[in-house]
Amino acid sequence: MDYFDIFISILGSAIRLSIPLLFTALAGLFSERAGIFDIGLEGKILASAFASACAAYWTGNAWAGLATGIATSIVFSLVHGFASITNRGNQIVSGVALNFVAAGLTIVLGAAWFGQGGRTGQVPASGRFSGITLPGAEMMRDVPIIGPLYANVISGNNILTYIAFLMVPISWWILYRTRFGLRVRAVGENPGAVDTAGISVAWLRYRALIVAGFLCGFAGTYLSIAQSAAFINNMSAGKGYIALAALIFAKWKPVPVMLACLLFGFLDAFANFMQGKALPGIGEVPVQIFQALPYILTCVLLAGFIGVARPPKAGGAPYTKER
Amino acid sequence: AEVKPALVYGTGGKFDKSFNEAAAAGAERFKAETGTEYRDFEPKDDTQGEQAIRNFASRGYNPVVAVSFAWTSAMEKVAKEYPDTKFVIVDSVVDLPNVRSVLYKEEEGSYLVGVLAGMASKTGKVGFIGGMDIPLIRKFGCGYVQGVKAVKSDAQVFQNMTGTTGAAWNDPVRGGELTKNQIDQGADVIYAAAGATGLGVLQTAADNKKLSIGVDSNQNHLHPGSVLTSMVKRVDLAVYNAYLDVKDDKFTGGIQSLGVKEDGVSAAIDENNKSLITPEMQAAVDKAKADIIAGTVKVHDYTTDNSCPM
Amino acid sequence: MSTASVPLPAWINYGLIPLLNLFLAFFFSGLVVWAIGESPFEALKLLLAGALGRGEGIGFTLFYATSFIFTGLSVAVAIHAGLFNIGSEGQAYLGGLGAALVALSLDRYVPWYVTMPFAIIGSALFGAACAAIPAWLQAKRGSHIVITTIMFNFIVSSLMNYILVRVLIVPGKMAPESRTFLEGGQLPKLDWLIGIFGGRLGAAPLNFSFLIALVMCLLVWLLIWRTKLGYEMRTLGHSPTAASYAGMRYARIVMITMLISGGLAGMMALNPVMGASARLQIEFVGGAGFVGIAVSLMGRNHPAGIILAALLFGVLYQGGAELSFDMPTITRDMIVVIQGLVILFAGALEYMLRPAIVRVYQQISGK
Amino acid sequence: MTGKAPHLSLDLSKNEPAIELVGIDKKFGAVHANKNINLTVAKGSIHGIIGENGAGKSTLMSILYGFYQADQGEIRISGKPVTIRDSQAAIAAGIGMVHQHFMLVENFTVLENVMLGAEGGQLLRQGVSSARKELKRLEDDYGLDVDPDAVIEELPVGRQQRVEILKALYRGAEILILDEPTGVLTPAEADHLFKVLKVLRDQGKTIILITHKLREIMAITDTVSVMRRGEIVATRTTTETTVEELAELMVGRRVLLRVEKGDANPGKVLLSVKNLTVKDSRGVTMVDDVSFDVRAGEIVGIAGVAGNGQSELLEAIAGIRKPASGEILLDGKPTAGADPAELRERGLAHIPEDRHHMGLVLKFEEYENSILGYHRESRFGGAMLNLDEIRKQAEEQIAKYDIRPPNPRLKTANFSGGNQQKIVVAREIERNPDVLIIGQPTRGVDIGAIEFIHKRIIEMRDAGKAVLLVSVELDEIRSLSDRILVMFAGKVVGEQSGEANEQALGLMMAGIAA
Ligand SMILES: Nc1ncnc2c1ncn2[C@@H]1O[C@H](COP(=O)(O)OP(=O)(O)OP(=O)(O)O)[C@@H](O)[C@H]1O
Ligand SMILES: Nc1ncnc2c1ncn2[C@@H]1O[C@H](COP(=O)(O)OP(=O)(O)OP(=O)(O)O)[C@@H](O)[C@H]1O
Ligand SMILES: [Mg+2]
Ligand SMILES: [Mg+2]
C-alpha cells in the first residue's frame, strides 16, 4: 500500500470522524454568536444519539430517528435557555448540569428499556443511514489521483455527511445574509443594542439555541445510527468539548469551523492509523500523544500563538436591564 | 449444598453479544436446568466491581463468579475477607484456596479461526482488531497470525488495538473506523477480539461486504453471510460448572486451563456460516484441531514470554 | 417591580432556597424513577437505608464525602477569586500520581504516618502542577480558564493512561494499575470513628483522609476570610478593576489561587488511592471532580456548606450503589441524573424561585 | 391614576401635546427612581430635562422608550393612551432614543447598526440598497454625514452618536429623545448637534433633551423640566426662567457657586509628569505627550470634556495603567515599574472616578472596603487580617466623616451614593498622603456631601499636600483649583489660573484657542 492510498484511507476516516464535530461546532457557533456559552453541547449530542437510536430501533426508520434526535436535543436547548435566558442563571453551570443529566438519563432509561446496561438494541439496516455510492464512483475508481479520491473519500458516505458539509455554507448564509443572522451576531455583541432596536433579546436567543439544538440533533443521530448501529454509553466521548475547541480555533466563523473540525477529525484518524506503528527514526509513538493532541493544540492556540481569538463580547453573561 | 449463585460481569456489560453474554448464557443454563435463580451485576468501573463482589459475598451469595481479569485485585481482597464463600475468576489467576481461576487457551482457538481466515482471504491480507491492549488480547492475535500463516505463509496480518483502558471494550465506533482502515489497506477478513467493540467491527465488515470473525460467543448469527466464523470461548462452562460444583459439593480451587482438547475454545460452524466454509476449509480446521490435540502443532502462548515469534 | 435587589434574610437565602431547589431536583429524579416503572418512595427508602442504615453504609457515605469535600473546596477556592475551575477532575487524577509515587517509594521503609505528610505534599504538588498551566494561560494570556481546564482533564487522562499502561503497570498483570502499596503506604481505616456511634465499619474504606479533609475545610475558611491573601482573592473575585486599583497583582493571585485549588483537588487522591484501594488505578477519580462543582455550588462556596453538600452527595453515591443493587432496573447512573438536576436547580436555576419567595416574604413581613 | 403633584401644562398655544406622562412611578429595589411623574411635551418643541446625577432622568426616558416598565402610570402619545411594553412598541409609536450609553454593536458597520431591527425583510439584501439611499437622504437633509461602511469601533464618539441619531431617524421617529448627548462632545460638535436638532424641530419633530448643563438648556430648549430625587419639581418655559432659578430648583436650595478658600501657598514640586504618553488597550493614544507639575499646597484642576484622556492620565499616575512613554516623578523619584500598592506606600492616594467598579467592592462590608489598597500595612496584620484593628479604624472613619448608617458591618452596596463616596474619600485622606489624585469626586453625590468633600479637599491643600483634581464639572474645577489645565484630545491645550473665565475654558476644551 503506497502513501497515496494510506492518505486516501486516512482522509476518508478523517471525514467520517469529523462529521459529528462539524454539526456540533456549528451548533455552538449559533449559540455562542448569540451570546450563550454552551458547554452543554456534549450532553445534547449524547441525548440525541440516544433518542434517535431508540426511535430508529422501534420504528425501523432512520428519518424518524433523526427527527426524534433533533427534538430531544432541542428540548435540552430549551432547558438551557430557560435556565440561562429566562432565569438568568450561570450559563456554564447550566451546561455542566445538562451534561450530567444527559450522561445519566441515557443510561438509566436505556437500561430500563433495553436491559442491556444502557446500550440500546441493534438498529436494523432500515433504521440506519448507510453509505450512498455517488454516480460513477465505481467507474472513476481507476482514474489516477482523483479516482480514488472520488470513489473512497467523496462517494460512499451517508446522507448526513453531505448534509453536514452543506450546513457550512447554509450557516454562513444565515449568519451573514439574513435578518436573523444579523440579529444573532448583534445580540452576542451588545444585547442592549438589539433590545433598543425593538427586538426581543430573549426570544432571539431562544431561537439561536433552538438552531443549536437542531444541529446537535444531527450530530447525535450521526453517532448512533449512521456511524454505528446502536447507542452506546457515553458515546459522545468528549466531542462536545472538542467542538468548542474547534469553535475557538475558528474564531467563531463557519468556514474556519469546518476546517478546524476536519483537522481534529484528521488527528483522530491519524491516531488510529498510527497506533502500534513505528515512525521512521522515532520508533513507536505512544497512542496517548495522538489522543491528547487536539487538546494540547487547543491550549497552545488559546495561548494566543495564532492570534487572539475574540469571543462574542456579551457571551457568558445573562442580559439584565435592571441591576 | 445450598447454592446461591452470583455473577459479576466485565465492564463491557451483560449484552455485549460476546464475552459477558457467554457468561450470562452459562448462568441461564444452570437456572433452566436446576430452577435456581441467580443474581448478576454489571459494573461500570473498577470501584463498582469490587463493591459488587463484596456485596454479593456479604449477602451470602455462593459461589460468586467474576468474569474479567479486571476484578483480580478486587477478588484477592474480598476472597480473603470471606474465606467460606467460593469464588471464580475468569481470565486471571487469584491464588487463594477458595478461588477457582479459569483460564482459556485462546491461542489455540485463534489458531483455528486463523486457518479459516487464511483460506477465505482472496487478497492475502487479513486483519485483527483487539480491545484493550493487554497481553491477554495479544495472545489472541498471536495465535491467529500463526493459524493464518500455517495455510498462507506469505499472508499479511494487520493488527490494531482499540485502546488501553477498559473503555476499549465498549467503543464500536473506533472499532468500525479501525476496520475500515484495514479494509482500505486490503484486508478482507477481520477478526475482532474486543468485546462490544467487536460489534462495530462486524457491522463495518458487513457494510463493506467483507468477512469478519466473531469472538467469545458464537456471533455467526449477527450478520449471516458476513461472519466467517467465531472463536467461541466457553465462558458459559466456567460459570455453569462453578454453580454445579457448589451444588454438588465438588467445588475445588486452583487453576483450570481449557483448550481445544477440553472443548474450551473452538471455531463455530453452524447454519449461518455454512455457505462460507468450503469442504477444504472444513477439512483444514479439523486437521488443525487434531494436530493441536495430538501435540504435533504447538501454538505459542503470548503471555508466557510476552512476545510473538511470528 | 423587579425583585432582584430586594434583600432577604440569611435563613431564606442560605437555608430555605437551597432546600427548595434540592427538593425540586429530587422531585424530578422521582419522576424519572416513576417513569421507568419503579416506586420513587421505595427507591428513596432503599437509598437512605443503604447510605445511613448500617455502620458500613455510613462508612462508605463518609468515604465518598471525603473525596467530594476535597474537590468541592478546590472549586470553591477558585470561585472566590472569580475563576471557574472545571479541571478538578484532572487535577485529582494527577494528584493520584503524586500520592502513588510517594507511597511506592516509601511504603517499604516507613510506617504510614511518616509516608502521609509526604503523600499530602506529593498529591497537592501534582494537583497544583496540573492547574498551573491553565492558571498561567489565564493570568498571562487571558485564555478562558473554563476551556483550558476542560482541555487539561483530557490531557491528564491521556498522560495518566500512558503512565499506568506503560510505566506503573505490574509486569504480567493485565489491569493497568500500580502494584498494591504495603502497610506503610496505606492510610488507616477509621473504625474507631464509626465505633463511637456503636456501628461497625466493616469493609467500608473510610480512612484517615476524612480527617485531613476536615482540617482542609478549616484551613480554607481561614484562608478565604482571615488572611490577606484571601482578602485579595475575594476582591479579585468580586471586582477585578477594584483589585487592580488596590495594587493587587492579577497574575499572582490567579496563579496562587489556582495552585491552591489544584492542590486541594490533588489531595482528593489520598482518599481512594492510599485510603481505599492501596494502589493507583485507571480513572480512579470517577467524576468526583465534577461532583465538586455541584458540592461547591450547593454549599455556597463555604466550607461548612461544602461539608453538608459533600455528605449529601456521599449519601447519594453510597445509597445509589445499594439502590442499584437492590433494584436492578435502576442503574447507578441514576445518581448522575440526580447530580445533574441538583446542579441545575441549585446552580443554574438558583434564582428561579426567588421572585416568588420575595413576594411571599414581603406579604408576610408586611412590607 | 392621576397625579397629586402639580401638573403644569404650558401654553404652547396652537400645539397639541405629543407626549403626556401621567403618574409614572418606578422603583429599582429600594431605589425610588421615578416618583409620580407628570409631564407634557408639545408637538414640534424641544423640551429639556435637567437634574443632578441619579435624579431619575434616564429612567424616565427609558420608560418612555419601553426599555424599562413603569410600576404605575400612563403614557399618551398624541393624546392617545399607549402601552409601551418594549422598545418595539416605542418605535412603532414614533419614538426614537439616543441613549446615554450608546446602544451600538461595535464590530458592526454603520449600515448594519442602522439596519438592525429595521432590516426590511428576511434577507438582508432586500434592505441594504434602500438603507443606503435613505442614509444618503438623511445626510443631505441634516448634514449628518458618516461613511455607511465604517466599523463603529473605529469611529470617534462624536460620529458614533451621529449613528445613534441616524438610527432613530431611519426608523421614522417623530419624537426624539437624547440622553445627555453633549457629555462626550466638544462644544463645536455640540453646536452642530443643536443645529441639527433645530432643523428637526422646525420640521415638526418633538425633541426631549436630557442634560445637566444649564447653558445648553438656555441655548436650545423651548420648555424645561427639573428633576430632583425622582420627582419633577418644576416645569418652565425657557424664556421665562433663569440659570439661577434652574440651579436652585435642581439642588433644592440656593447654590453656593463658590467654595470658601484662602490663597494657595505652593511649595516644592511633589508630583511631576513629563512627556507622558498613554495608550488604551486597542493601542489608541489617549494621553499625548503631557507634562505638568503639582506642588505642595496647591490644587491643580484638569478640565475637559469626558473622554479626552483624563481617565487614562489619572490611571497612569496611579500606576494602574502603564505609560507608553514619558515619566512620572513622585517627590522627585520616578515611578516607573511601581504598582499602585508601592505608590501608596510612597505617599500617593487616589480617589478614583468610578467608585462602583474601582474604589469599592460593593459586595464587601464597609470595614473591608476601608482598607482596600492599604490592607498590606502591618497594623492590619501579617499574613492574617487583624480584624479588631481594621474594624476599629473603620469605626473611626465612619464617625469622622459622618458616614451613614454608622455600621461597619453593612454591605457597601447598601450605602447611598454619597455615603459610598465618603467611604472612599475617608479611606484615602485618612492615610495622610503627600499627593492626592482625584477623579470626579462628587459625581452622583448630593449637595450636602459635595460641600463636605470639597472642604476635605481644601483642607488637604492647606495642610501642604499636592492635589490633582480631574472633573468634567467646570464649576467644580473652577471653585476648587488654584491652577487649571485643559485637556483636549489627549493633550494639555492650555493653562489658566483658578480665576479663569468660563468662556475661555470652554473654547480650550473644544481645542480651539490656547
Ligand atoms: N437598571 C437599574 N437598576 C437599578 N437601579 C437603577 C437602574 N438604573 C438606574 N438606577 C437607579 O435609579 C436612580 C435614577 O437613575 P437614572 O439613571 O435615571 O438617573 P439620571 O438622572 O439619568 O442620572 P445621570 O445624570 O447620572 O445619568 C439612581 O439611583 C440609579 O442608581
Ligand atoms: N446597587 C445597589 N444595590 C442595593 N441597594 C442599593 C444600590 N444602590 C442603591 N441602593 C440603595 O438605595 C438607596 C438610595 O440610593 P441612591 O444612590 O439613589 O441614594 P441617594 O438618594 O442618591 O443618596 P446620596 O444623596 O447619598 O447619593 C441607598 O441608600 C441604598 O440602600
Ligand atoms: Mg442618565
Ligand atoms: Mg445619589
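Laid out as a table, the results:
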item: Model label zone, D:Thr239; criterion: amide N under 16 Å from point 7 Å along Cα-to-beta-carbon; scope segment D:213-227; result: D:218-224
item: Size of electric dipole in segment C:37-353: Cβ of Lys, Arg +1 and of Asp, Glu -1, about Cα centre, debye, nearest 20; result: 940 debye
item: Shielding score for B:11-19, defined as the mean number of other chain Cβ atoms within 10 Å; result: 3
item: Sequence-distant residues sharing a close amide H with B:Ala193 (under 5 Å, placed H); result: B:Ile129, B:Gly130, B:Gly131
item: Exposed GluC sites (Glu not before Pro) absent - longest run of chain B, DSSP non-H/G/I/E/B, at most 13 other C-beta within 10 Å; result: B:38-310
item: Rounded to 5, percent antiparallel among DSSP beta bridges of chain D; result: 55 percent
item: Angle between chain A longest axis and helix A:91-114 axis [Cα atoms, degrees, rounded to 10]; result: 50 degrees
item: Highest average packing first - C:33-45, A:25-37, A:289-301, Cβ atoms within 10 Å; result: A:25-37, A:289-301, C:33-45
item: Calculated log₁₀ intensity ratio I(q)/I(0) where the Debye formula runs over C-alpha points of the protein assembly as shown, q = 0.08 Å⁻¹; result: -1.07
item: Unit charges at the beta carbon, dipole of chain B: most positive-side option, B:Ser58, B:Leu116, B:Thr36; result: B:Leu116
item: For chain D, the spread of Cα positions along each principal axis, largest first, Å; result: 67, 49, 45
item: Assigned charges on the beta-carbon of Lys, Arg, Asp, Glu; segment D:327-373 dipole about Cα centre (debye); result: 60 debye
item: Reach of D:Lys411 by Cα under 14 Å, taken over aspartates and glutamates that are not fewer than 8 positions away in the same chain; result: D:Glu365, D:Glu366, D:Glu368
item: Whichever aspartates and glutamates have a C-alpha closer than 14 Å to that of C:Lys189, once near sequence neighbours (fewer than 8 apart) are set aside; result: C:Glu56
item: Kirkwood-type radius of segment C:37-353, with distances r between different C-alpha atoms, in Å; result: 19.8 Å
item: Theoretical FRET efficiency, 1/(1+(r/R0)^6), r = Cβ-Cβ of A:Ser130 and A:Tyr3, R0 30 Å, to 0.05; result: 0.50
item: Set of segment A:102-116 residues, backbone N closer than 18 Å to the point 7 Å along the Cα-Cβ line of C:Trp34; result: A:109
item: Positive-end residue, segment C:1-114 charge dipole about Cα centroid, Cβ charges, pick of C:Ala49, C:Val32, C:Gly98; result: C:Gly98
item: Neighbour-count order for D:Asp280, D:Asp202, fewest beta carbons within 10 angstrom listed first; result: D:Asp202, D:Asp280
item: Unsatisfied cross-links (Cα-Cα over 23 Å) in the set B:Lys180/B:Lys287; B:Lys152/B:Lys261; B:Lys17/B:Lys139; B:Lys233/B:Lys274; B:Lys4/C:Lys173; result: B:Lys180/B:Lys287; B:Lys152/B:Lys261; B:Lys4/C:Lys173
item: Exposure proxy ranking, count of Cβ atoms within 10 Å, fewest first, for C:Trp136, C:Trp192; result: C:Trp192, C:Trp136
item: Computed label-point distance, nm, for sites D:Glu459 and B:Ser153 using a 7 Å Cα→Cβ extension; result: 10.7 nm
item: Neighbour net charge for C:Ser157 - beta-carbon separation under 14 angstrom, K R +1, D E -1; result: -3
item: Phi-based couplings in Hz for segment B:56-67 (Karplus 6.51, -1.76, 1.60; Gly and Pro marked x); result: 4, 4, 5, 9, x, 6, 6, x, 10, 9, 10, 9
item: With Cα atoms, 0 to 90° folded angle of helix B:235-247 axis to chain B main axis; result: 20 degrees
item: At R0 = 51 Å, FRET efficiency that the Cβ-Cβ distance of D:Asn501 and C:Thr241 yields, to 0.05; result: 0.85
item: Counted charge near C:Leu323, where neighbours are those whose Cβ lies closer than 12 Å (Asp, Glu -1; Lys, Arg +1); result: -3
item: Largest-first ellipsoid semi-axes for chain B, taking √(5λ) over the Cα gyration tensor eigenvalues, angstrom; result: 33, 19, 17
item: Fewest-first sequence of C:Ile194, A:Ile145 by Cβ atoms within 10 Å of each Cβ; result: A:Ile145, C:Ile194
item: Inter-label distance for D:Glu342 and A:Ile170, nm, one decimal - labels placed 7 Å from Cα along Cα-to-Cβ; result: 5.9 nm
item: Cα long-axis angle, helix B:19-34 against chain B (0 to 90 degrees, to the nearest 10); result: 50 degrees
item: Under 14 Å, Cβ to Cβ, from A:Ile132 - net charge with Lys/Arg +1 and Asp/Glu -1; result: 0
item: Paramagnetic reach from A:Ala137 in segment B:209-242 [backbone N under 13 Å; point 7 Å along Cα→Cβ]; result: B:209
item: Integer Hz, Karplus 6.51/-1.76/1.60 couplings in order for segment C:8-23, x for Gly and Pro; result: 10, x, 4, 5, 6, 4, 9, x, 5, 5, x, 5, 5, 4, 4, 4
item: Separation in nanometres of the label points that stand 7 Å from Cα toward Cβ, at D:Asn265 and B:Asp305; result: 10.2 nm
item: Bridge type composition, the protein assembly as shown - antiparallel percent by DSSP, nearest 5; result: 40 percent
item: Amide H contacts of B:Asp40 (H built 1.01 Å from N, under 5 Å, at least 5 apart or other chain); result: B:Leu7
item: Dipole axis of segment C:37-353 (+1 Lys, Arg; -1 Asp, Glu on Cβ), positive-most option in C:Pro176, C:Tyr245, C:Ser158; result: C:Tyr245
item: Hz values of 3J(HN,Hα) by residue in segment D:260-276 - Karplus curve (6.51, -1.76, 1.60), Gly and Pro given as x; result: 5, 7, x, 6, 7, 10, x, x, 7, 6, 9, 10, 9, 10, 10, 6, 7
item: A:Ala317-C:Trp221 FRET efficiency (beta carbon distance; Förster radius 41 Å; 0.05 resolution); result: 0.90
item: Over the protein assembly as shown: helical MRE at 222 nm, DSSP H runs n ≥ 4 each giving -39500 (n - 2.57), nearest 500; result: -15500 deg cm²/dmol
item: Assigned charges on the beta-carbon of Lys, Arg, Asp, Glu; chain B dipole about Cα centre (debye); result: 360 debye
item: Antiparallel content of DSSP bridges confined to chain B, in %, to 5; result: 10 percent
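Values quoted throughout were computed directly from the atomic coordinates according to the rules given, and no laboratory measurement underlies them. Here the structure is a predicted model, which is why all the values come from computation and not from measurement. Heads up, the Cβs are rebuilt from the backbone with ideal geometry, glycines too, and the neighbour counts pull from every protein chain shown.
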